[in-house]
Amino acid sequence: MSLIDAHQHFWSLATPGHTWPTASEAAIYRDFGPHDLRTAGAGVALDGTVLVHSQPTDRDTDWILALASRTPLVRAVVGWVDLLQPDAPARIASLARHPKLRGLRPMLQAIADPDWLLQDALTPAFEAMQAAGLRLDALVQPRHLPMLARFAARWPDLPIVLDHAAKPAAAQMALDPWRDDIAALGGLGLFCKLSGLRTEQATGAPATALMP
């Protein structure tokens, strides 16, 4: 069985437009690139990774695609496009020519309007994603899940990958209505990444607390 890390990042603190990680996240506030990935994966029978953008910029997406081209361990890339821009469909079509691009991820968790994804102005971008065979990575929080169910029903042919299980309030163990909302999404054929759940827990909480 192949072992794939479905969600990892590269970043360079000196890159213009860099916003994450910040100095307050001291444990990861340093550059992280292919060498660090190989070091972190030493001793693990890792067959590949999915490299996800860390900054909501075209520059970051171009940079990680270039890194992916010369990093065999990176099997796929999830990038970023400003989906509201008039040239978004052309940008999507251009990026999709890269053999490792598999999806795009708008930074929904940072957008105040939980229904942002439903606006008609995004239709050309989603049509371009479908035409290119791309997936939508949904970086969301529990407040977005009812909207995401409506979005999935509206776009049944656009595969959706839920990042970090929608970041439930695991530190407070306040898991309702998240439980019911995420179960409803399962019936709509969405995929779900569990990566990142541990960072939502309280400091020192055991991983077993996340068990169903």
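Summary of values
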read-out: Residue, surrounded by the most Cβ atoms within 10 Å (Cβ to Cβ), within segment 44-73, restricted to residues that are in contact (Cβ under 8 Å) with a residue 40 or more places away in the chain and of a type in the set (D, E, K, R); value: Asp60
read-out: Failed item, numbered, when Ile4 is tested on (1) crowded, with 19+ Cβ neighbours inside 10 Å; (2) closer than 21 Å to Pro159 by Cα; value: (1)
read-out: Selection within segment 94-110 - in contact with a strand residue (DSSP E or B) (Cβ under 8 Å, 6 or more places away or on another chain) and not in a loop (DSSP other than H, G, I, E, B); value: Leu95, Leu101, Arg102, Gly103, Leu104, Leu108
read-out: Residue in segment 130-148 that is surrounded by the most Cβ atoms within 10 Å (Cβ to Cβ), counting only those that are under 23 Å from Arg91 (Cα atoms) and over 10 Å from the mean Cα position of the chain (by Cα); value: Leu134
read-out: Members of segment 201-212 that are on the phi < 0 side of the Ramachandran plot, surrounded by fewer than 10 Cβ atoms within 10 Å (Cβ to Cβ) and of a type outside the set (S, T, N, Q); value: Pro206, Ala207, Met211, Pro212
read-out: Residue list for segment 149-200, restricted to those being among the polar types (S, T, N, Q) and either crowded, with 17+ Cβ neighbours inside 10 Å or at pLDDT below 90 (or both); value: Ser195, Thr199
read-out: Selection count where residues are touching a helix residue (DSSP H, G or I) at 6+ places or on another chain (Cβ under 9 Å), part of a loop (DSSP other than H, G, I, E, B) and among the polar types (S, T, N, Q), scope segment 1-26; value: 2
read-out: Segment 96-124, subset farther than 15 Å from Pro56 by Cα and crowded, with 20+ Cβ neighbours inside 10 Å, residue farthest from the chain's Cα centre (by Cα); value: Leu117
read-out: Helices (runs of 4 or more DSSP H) lying entirely in segment 111-212 (those with 2 or more residues that are closer than 30 Å to Arg97 by Cα); value: 123-132, 145-154
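Here's the yes/no breakdown for (1) over 22 Å from Leu162 (Cα atoms); (2) assigned by TED's automatic domain parsing to the domain that holds Leu148; (3) in contact (Cβ under 8 Å) with a residue 12 or more places away in the chain:
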residue	(1), (2), (3)
Thr15	yes, no, yes
Tyr29	yes, no, yes
Phe32	yes, no, yes
Ala42	yes, no, no
Arg75	no, no, yes
Ala96	no, no, yes
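The values are calculated or read from the model by the stated rules, or taken from the named source; none is laboratory data. Since the structure is predicted, the reported quantities are computational estimates derived from the model, not experimental observations. Ideal geometry is used to build each Cβ from the backbone, glycine not excepted, and the neighbour counts take in all protein chains shown.
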